[in-house]
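Visitor: Right, I'll just put the structure down here and ask away after.
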């Protein structure tokens, strides 16, 4: 299963067509003082939206743990591996948690493109860090988030659901 790691900052889900623009505007030395990195780091919740060029970009803030994408017929789950003994254990727990509907945060998102890329905010030309290509129907979505833990698993689960 694909995942996106972080060098310590948030991850972003942006239209694939804007990846090169992100890299160019981010520059070689991103800082918290200015620019796109500062804007992305301003999201203090599990998930938030920034609009550097008008179109909404999702920022996965808070813990910089690995994030996995598990698609389904209505959208999918973003699952962050904060702690678990195995990926299988993490996925099973996240699926169970997502069915409890015990979400602590919720935002609306308007997907204006069909092709998206999930990646670390700090990236550069030629970066070989994993990215995830995600294809979604354009339209309105809800993103619900919750932190959950058990004796063996700690995670942040986010449900992306097509609002129709």
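The values are calculated or read from the model by the stated rules, or taken from the named source; none is laboratory data. Note that the structure is a prediction, hence the values are computed from the model and not measured. Neighbour counts are summed over all protein chains in view; Cβ atoms, including those assigned to glycine, are modelled from backbone coordinates with ideal geometry.
Visitor: Give the range 125-148 a look and list any residue that's surrounded by 13 or more Cβ atoms within 10 Å (Cβ to Cβ) and assigned to a loop (DSSP other than H, G, I, E, B), or say none.
Guide: Residues satisfying the conditions are 129, 130, 131, 136.
Visitor: If you don't mind, there's one more thing I want to ask. Condition (residue is surrounded by 12 or more Cβ atoms within 10 Å (Cβ to Cβ) and without any contact (Cβ under 8 Å) to a residue 24 or more places away in the chain) applied to the range 96-117: is it met by at least one residue?
Guide: yes
Visitor: Still on this model: Would you mention how many residues in the range 42-55 are surrounded by fewer than 18 Cβ atoms within 10 Å (Cβ to Cβ) and in a loop (DSSP other than H, G, I, E, B)?
Guide: Looking only at that region, the number is 8.
Visitor: Examine the range 11-21 for a residue that is crowded, with 16+ Cβ neighbours inside 10 Å and more than 21 Å from residue 66 (Cα to Cα), and state whether such a residue exists.
Guide: Yes.
Okay, residues lined up against (1) under 12 Å from the mean Cα position of the chain (by Cα); (2) closer than 21 Å to residue 144 by Cβ; (3) part of a helix (DSSP H, G or I); (4) at pLDDT below 95:
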site	(1), (2), (3), (4)
25	no, no, yes, yes
40	yes, yes, yes, yes
64	yes, yes, no, yes
91	no, yes, yes, no
117	yes, no, no, no
